[in-house]
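Everything on this sheet refers to the single structure shown next.
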Amino acid sequence: MHQSRAIVLHQIKYSETSLILKIYTEKEGLLSFLVKGVRGKKGKFRSAQFQALNLLELSYNEARKSKLRHIIDLKISEPFTDLLFNPVKRSIATFMTELIQQCIKEEEPNPELFHFLHSSIHWLDLSQANCSHFHLLFMMKLTKHLGFYPMLDGSDENGYFDLQQGVFTTNKPLHAYFIDSEDLRAWKELINCKLETLEGILLSNELKRSLVQALMIYYKLHLIHFKELNSHHILQTVFNDE
């Protein structure tokens, strides 16, 4: 039997009463689970316990003949207080879930990445601050754990950021994957920003759209399997309605 903190990422209906789950665990990384009886009256667990980004404490058995583990017991370690009821936070959570699923593919533990994800989700739920820039900060800081965080050398004096090389540069790159001008100023703000100073960033909806596009290009250039995120359209609709 294994025990671990865990983050729910995805659920798929397997039968009338069962689910297959993708869960990111602190001890073993990304794992798949089969949970039976979730949709039945006598089942031990309920589907609501496996909502995306739920923070769990899991006890589970190792699979012997398949890659599907079986959950023995669980507890929601940090029940959400606001995330599910706040439309902006809920939309950001949907975006984060899609991003995490695209970025994490391997069954290997990464305690620092797990701590970053766990603390980010917990902060989003509890924060009373304006969260409309949180998804941008999350995307930027996640690159540090994925291995392509922007190199800061020359960030003060250079007028371009080369998305392909991940560096600031004086000369305009000879390809189309770079940012400059107002986007560059906001890019630098995100790099230097912390959760405690997030409210100090003031960006227009147009600039937020531009930065999301730049960050998605940045991810595509550095992660072979990365595809464009669909949920950023939902985010934009929510921000336009604010």
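Wrap a convex hull around the Cα atoms of region 34-178, take a quarter of its surface area, and give that in square nanometres.
Taking a quarter of the hull surface, the average projection is 12.4 nm².
If only Cα atoms are counted, what is the Rg of region 150-207, and what is its Dmax, in Å?
12.0, 37
Give the relative contact order (percent, whole number) for region 1-84; include only Cα pairs under 8 Å separated by 6+ residues.
Computed over region 1-84, the figure is 30 percent.
Report the extension gain between Glu112 and Leu221 in nm, rounded to one decimal, defined as 0.36 nm multiplied by the number of residues separating them, less their alpha carbon distance.
36.9 nm
Taking a probe of 1.4 angstrom, what is the accessible area of His122 in Å², to the nearest 10?
So the heavy atoms of His122 present about 60 Å² to solvent.
Quickly rank 132-142, 227-237 as a protection proxy: mean count of other C-beta atoms within 10 Å, highest first.
Result, highest mean Cβ count within 10 Å first: 132-142, 227-237.
Quantify, in whole percent, the carbon and sulfur part of the accessible surface of the chain (1.4 Å probe; protein heavy atoms only).
Ligands and nucleic acids excluded, carbon and sulfur give 49 percent.
Over the Cα atoms of region 126-242, what is the Rg over Rh ratio if Rh follows Kirkwood?
Across region 126-242, the Cα-based Rg/Rh ratio is 0.95.
With a 1.4 Å probe and all protein chains kept in place, how do Leu223, Leu56, Leu84 rank by accessible area, largest first?
These residues rank, largest area first, as Leu84, Leu223, Leu56.
Could you work out how much longer the chain between Leu126 and Lys13 gets when fully extended? Use 0.36 nm per residue separation minus the Cα distance between them, nm to one decimal.
Gain in length upon complete extension: 37.7 nm.
Compute log10 of I(q)/I(0) for region 34-104 with the Debye formula, placing one identical point scatterer on every Cα and leaving out solvent, at q = 0.14, 0.16, 0.17, 0.22 Å⁻¹, to two decimals.
-0.58, -0.74, -0.82, -1.13
Enter the mean projected area of the convex hull around the alpha-carbon atoms of the chain, in nm², rounded to one decimal.
Seen from a random direction, the Cα hull of the chain projects 14.3 nm² on average.
The values are calculated or read from the model by the stated rules, or taken from the named source; none is laboratory data. Here the structure is a predicted model, which is why all the values come from computation and not from measurement. Note: ideal-geometry Cβ built from the backbone for every residue, glycine included; neighbour counts use all protein chains shown. In case anyone asks, the SASA skips ligands and DNA or RNA and just uses the protein heavy atoms, side chains included. Shrake-Rupley method; radii C 1.70, N 1.55, O 1.52, S 1.80 Å.
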